[in-house]
Structures are given as C-alpha cells and as structure tokens.
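See structure below.
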Amino acid sequence: MLSAQEALECLREGNRRFMWGVRDVSTLTNQSRCAELVPGQRPFAAVLGCSDPRVPVEIVFDQGPGSLFVVRVAGNVATASQIDSVEFAVERLGTPLVVVLGHTKCLAVETTQEELARPAADGPREPHSIFDSIRPAVEGLLAAGPGQDREAMRRQAVRANVRAAADRLRHGSAVIERLIEKGGLLVVGAEYSLETGVVDFFDGLPTSG
C-alpha cells in the first residue's frame with residue numbers, strides 16, 4: 001500500500017494526465033481488469049466528492065477500477081453516513097489518503113448562499129439537510145462581506161465548504177482521528193475547476209506537500 005504522500009502524488013499525476021488529454025493504459029477499464037479485483041479491494045485513496053455529473057472522480061484523476069473509494073453526495077458534505085463510509089475505507093481497507101473534493105460553480109453551495117441571502121420577509125426557509133450541512137461554512141462569509149463581489153463570494157464559499165467537510169472528518173470521527181494521530185492517514189481538501197480541469201489541493205497538506 002502506498003503512503004499518504006505517495007497516494008497524493010498519484011492523484012496529482014493522474015489529474016495532469018487528464019488535463020493533457022492522455023490516459024495511463026493501466027487505468028483503462030475492461031472485463032479482464034474488473035475480474036482481477038473480485039478477490040478484494042485496496043483503494044489507495046478515498047474521495048468524498050459532489051454528486052454533480054460534471055465531476056466524474058475516477059476520470060478527473062485518471063484512475064481505473066479498484067484505485068479509489070468514492071463517496072458522492074450533493075455539496076460534498078460530511079454528514080454521518082458519509083463519515084461512516086470514509087471510516088470503512090480507512091479502517092477496514094487501509095486507505096491512507098482521504099480527499100474532500102469540491103468544485104467551482106457548485107449548485108448546492110450557490111443555492112445555500114441564495115437561501116441565506118433571501119430576506120426574512122419572504123417567509124421561512126424550507127428545511128433541507130444538505131443545505132443545513134453547508135450553511136455553517138458559508139453564512140460567516142455573508143455576514144463578513146456584505147456588498148462583496150458575488151462571484152468572489154461563490155468561490156470563497158466552495159472552498160469554505162470543503163474546509164468544513166475536511167475538518168468534520170478529521171475531528172468528527174474517533175476512528176479517523178486515531179489514524180491521523182498514528183501518523184499514517186492524511187485528510188486533505190481540494191477543488192476541481194470545471195473551467196480548466198485542474199484539481200487544486202489547498203487544505204490540510206503536509207509541509208512537504
């Protein structure tokens with residue numbers, strides 16, 4: 001099994017291949033390759049990503065079957081069920097790296113911002129678990145930056161939401177926290193650009209990363 005740092009570099013290299021429009025032949029999917037994985041799974045990274053179909057995680061990182069343990073939910077939020085899935089990957093499968101992957105123009109984040117900015121006179125907001133999970137990460141931005149450029153606020157909100165989910169994984173699970181303290185597990189946050197295809201790892205990186 002790779003180390004967390006080696007796993008991170010594999011994802012970076014895969015994203016570069018994706019950007020250049022080339023593929024590693026070892027990642028190509030066929031029945032023979034899938035059959036090799038029947039005895040078990042050893043993914044080198046777990047990715048908590050958004051359900052947005054414009055962000056196909058394995059393609060973005062140029063990885064084939066068996067390489068990534070992918071959990072997808074609107075807004076890449078870390079609620080109880082997502083944390084349980086990540087715990088399974090890191091504890092039972094030995095996955096050394098966890099990535100929270102947000103993306104530009106995330107509709108779940110934008111909708112949460114719009115709901116929070118809506119005047120109270122318009123009536124009570126509809127309860128929604130996804131938006132409620134995103135709200136704490138973005139409401140501080142709205143309070144701190146009235147009149148700020150709308151697009152800039154959206155960009156900041158996407159990253160704030162990624163940081164919040166990564167922090168929830170690091171400190172909302174005794175299993176994950178224990179594995180981090182032992183020195184082998186790394187939880188990082190990243191943003192995928194719909195415009196360029198670049199994945200920018202920006203949160204929780206080791207000093208050498």
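The values are calculated or read from the model by the stated rules, or taken from the named source; none is laboratory data. Keep in mind the model is a prediction, meaning the values are calculated, not measured. Reconstructed Cβ throughout: ideal geometry from the backbone, glycine too, with neighbour counts over all protein chains shown.
Some notes on this structure:
- Residues within the stretch 170-200 that are closer than 19 Å to Ser3 by Cα and touching a residue at least 40 places away in the same chain (Cβ under 8 Å), tallied: 10
- Considered as a group, the residues in the stretch 177-209 that are crowded, with 22+ Cβ neighbours inside 10 Å and among the β-branched types (Val, Ile, Thr) include one that is nearest to Cys50 (Cα to Cα), and that residue is Val199.
- Checking the stretch 87-95 against the condition returns no match, with no residue being hydrophobic (A, V, I, L, M, F, W, C), under 13 Å from the mean Cα position of the chain (by Cα) and modelled with pLDDT of 95 or more.
- Residue count for the stretch 43-77, restricted to those that are in contact with a Gly (Cβ under 7 Å, 6 or more places away or on another chain), not β-branched (Val, Ile, Thr) and not in a helix (DSSP H, G or I): 6.
- Boolean, Ala46 is surrounded by 13 or more Cβ atoms within 10 Å (Cβ to Cβ), touching a Pro at 6+ places or on another chain (Cβ under 8 Å) and at pLDDT 90 or above: no
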